[in-house]
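First comes the structure, then the notes that go with it.
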């Protein structure tokens, strides 16, 4: 399904050298992000199959994404055949997006890490919001999708014809 990297989605850098980031709200912008993303780190994924983070991780894999589980409590274990990493800093290669399943209070530190690792996009799950952290991400040029779930958005966008089915 996803074939192009996010570099095709990024806006060009203006003369000031500062990238104006976007909080992605429109169906087209969110679909473009999801169509361009290939590798997604799922931060806070659970081994418990009843947890939303586990179900979304499974969904992303089934949808054709290279989903990477990240959870310090599960580090070194396997989740759906994928090695679980302790933190984003342990990513062996670049990722196009981080999908956050953590409490909102952790978002400022997560944003700082995403900025330092130059990850181009951040998706926060339903209920995960933090105005100051979102502002910091915007200033750093991070593409943001806030308070949404890809397991809800992808089928909806496919129904609208904005994304291909796997």
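Structure notes:
- Applying the criterion of being over 12 Å from residue 80 (Cβ atoms) and outside any helix (DSSP H, G or I) to the residues of the range 43-59, the residue that is nearest to the chain's Cα centre (by Cα) is 43.
- Verdict on residue 122 being more than 20 Å from residue 38 (Cα to Cα) and not in a helix (DSSP H, G or I): no
- In the range 89-113, residue modelled with the lowest pLDDT [restricted to those that are under 19 Å from residue 127 (Cβ atoms) and in a helix (DSSP H, G or I)]: 104
One line per residue, one yes/no per condition, for (1) at pLDDT below 95; (2) surrounded by fewer than 18 Cβ atoms within 10 Å (Cβ to Cβ); (3) more than 18 Å from residue 140 (Cβ to Cβ); (4) in contact with a strand residue (DSSP E or B) (Cβ under 7 Å, 6 or more places away or on another chain):
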position	(1), (2), (3), (4)
23	yes, yes, no, yes
46	no, no, yes, no
82	no, yes, yes, yes
85	no, no, yes, yes
117	no, yes, no, no
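- Entry remark, the range 60-86: residues being in a helix (DSSP H, G or I), over 12 Å from the mean Cα position of the chain (by Cα) and either closer than 22 Å to residue 114 by Cβ or free of Cβ contacts under 8 Å to residues at least 40 places away in the same chain (or both) number 1 in total.
The values are calculated or read from the model by the stated rules, or taken from the named source; none is laboratory data. Because the structure is a prediction, the values reported are computed rather than measured. Cβ atoms come from the backbone with ideal geometry, glycine included; neighbour counts cover every protein chain shown.
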